[in-house]
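Reading through the structure tokens given below for one structure.
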Amino acid sequence: MRAVIAWVEGDPEIMGDAADLAEALGVPAWGVAAGTDPAALAAAGSERIFMIDGPYDATIHSAAIASICVTPLVMLLPGSANGSDLAPRLAARLGAACLLDCAWLRPAPDGLLAARWAHDDRALERWQVPEGATLVATLRPRSRGAPRPRRRQPRIERLQVGGKAPGSRLLRNLPADPRSVGVADADRIVAAGLGIGSPDLLPAVQNLADLLGAALGASRPLADRGWVPFHRQIGTTGQQVSPGLYVAIGVSGATQHMAGIGEAETVVAINTDPGCPMMARANLAAVGDAAEVVPALQRKLRQLHGAQA
């Protein structure tokens, strides 16, 4: 029996993707719960749930998932750091094809059709997966929204996890560098807009992000002008983000940008226009010139860091 299986890491969105694909293919959807309440997987459409205990470990998780007594038609994972690490390991164990950073997967007359982000997210390349082949794929997280509710009474099983392979041991986990982490995965973001006036203020904005342990983001006009790389652009034409803290500096709040931060928890806005959409969206708003407010915030944060030290 073949199925579409999702490895769900904290966010059931990927389970909804698996259920949609399974429904289109006429096969069951199963979920592997890693740090996710099984009830959320059931509500998203999982007909069978496999539980894995303990923190993420590539060797243990790949061996446990591969032990499921079925060759999946498709194995879906979120494109998080752990998901992107686990996907090729699973593909190697299953003898499957592997596609990372996909936008969507659809049935095709002779197999599956997968769209994958390419050329700095400016284009989608399409991949044909032959009928009968097994595919392991990651989908960009937090980009498609909450899954469609489905009522399921799943069978819940606990996967047996063995020890590590010989010679494999975890030394320590290193925190992600905010300067290198993708904005879609960042828990804190400092975003600059055209209201900063010129690229001369970008180093100060980056320094503010460093003090907050945040990633640097930007609105579309800055990416269009080449002030920041395209992968830092936030909005429907860029990255969809859902940070715990979003600091918008000189971002007026165009519709496409606001749609990209819909899941942000706390929004702080700095702008000279008190009536712009971003100020209305903000939990905390400061009316002022970014060239004055940003240095003031830097001084305050340095004082706090010094006091903590």
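Listing for the model above:
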item: Additional length obtainable on full extension of the chain from L211 to S180, 0.36 nm per residue less Cα span; result: 9.7 nm
item: Local electrostatic count at I270 - Lys and Arg +1, Asp and Glu -1, tallied over other residues with Cβ under 14 Å; result: -1
item: On Cα atoms only, tilt of 290-308 relative to the major axis of the chain in degrees; result: 70
item: Calculated FRET efficiency for the pair E23/H231, C-beta based, R₀ 30 Å, to 0.05; result: 0.40
item: Sites I156 and T59 - FRET efficiency at Förster radius 25 Å, r taken between beta-carbons, to 0.05; result: 0.55
item: Listed peptides 195-206, 121-132, 260-271 by packing density, highest first (mean Cβ within 10 Å); result: 260-271, 195-206, 121-132
item: Förster-model FRET efficiency, 35 Å R0, E263 and A296, C-beta, rounded to 0.05; result: 0.75
item: Highest average packing first - 9-20, 42-53, Cβ atoms within 10 Å; result: 9-20, 42-53
item: Cβ-placed point charges (K, R +1; D, E -1), dipole of the chain about Cα centre in debye, nearest 20; result: 440
item: Value of relative contact order over the chain, rounded to a whole percent, pairs C-alpha under 8 Å and six or more apart; result: 14
item: Residue-span extension gain [R93 to H119] - 0.36 nm each, minus C-alpha spacing; result: 6.4 nm
item: Packing-based order for 213-219, 180-186, using average beta carbon neighbours within 10 Å, highest first; result: 213-219, 180-186
item: Long-range amide H partners of G45 with built H, under 5 Å; result: R150
item: Residue-span extension gain [A280 to L171] - 0.36 nm each, minus C-alpha spacing; result: 34.6 nm
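A short reminder: the numbers here are calculations on the coordinates, not readings from a lab. Since the model is a prediction, treat every value here as computed from it, not as a measurement. Here Cβ is always computed from backbone atoms with ideal geometry, including for glycine, and neighbour counts include all displayed protein chains.
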